[in-house]
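Data block below; observations after.
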Amino acid sequence: MVAVFGCWRVVQRLADLLAGDLDPWEHQAVQAHLAGCARCDDAFDRTRRLEALLRSARDVEIPHASRRRLEGLIDRLETRDRVGHAPTPSG
């Protein structure tokens, strides 16, 4: 029997799925959810593309100001995912 994971739990495990760090039952549960949830499958595709982009830019130095803006964006996106709505432009 495959465990049933909700969207929040699946999204939290996407990076682990890409890294191959899920145990077999978690892997199966996440894959089953992705097969039936277009929104999470889209998030997985975006995560996969972002990981590929980051791997290709591994040796690129990011200016400090750009790094701070990027970290702020990541924080706002994580907050949005927790509360279920888009962040405001000011944070």
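Residues in the range 32-46 that are surrounded by 16 or more Cβ atoms within 10 Å (Cβ to Cβ) and either assigned to a helix (DSSP H, G or I) or in contact with a strand residue (DSSP E or B) (Cβ under 9 Å, 6 or more places away or on another chain) (or both): how many?
Looking only at that region, the number is 5.
Can you confirm whether Glu71 is under 20 Å from Arg13 (Cβ atoms), among the charged types (D, E, K, R) and part of a helix (DSSP H, G or I)?
No, not satisfied.
Find all pairs meeting these conditions: Cβ atoms under 9 angstrom apart; at least six residues apart or on different chains; first residue within the range 4-17 and assigned to a loop (DSSP other than H, G, I, E, B); second residue surrounded by 13 or more Cβ atoms within 10 Å (Cβ to Cβ) and among the charged types (D, E, K, R).
Listed by first residue and then by second, the contacts come to Phe5/Arg13; Phe5/Glu26; Arg13/Glu26.
In the range 49-68, how many are modelled with pLDDT of 80 or more and assigned to a loop (DSSP other than H, G, I, E, B)?
The number of residues fulfilling the criteria is 3.
The values are calculated or read from the model by the stated rules, or taken from the named source; none is laboratory data. Small disclaimer: the values here were computed from a predicted structure and weren't measured. All Cβ positions, glycine included, derive from the backbone under ideal geometry; neighbour counts span all protein chains shown.
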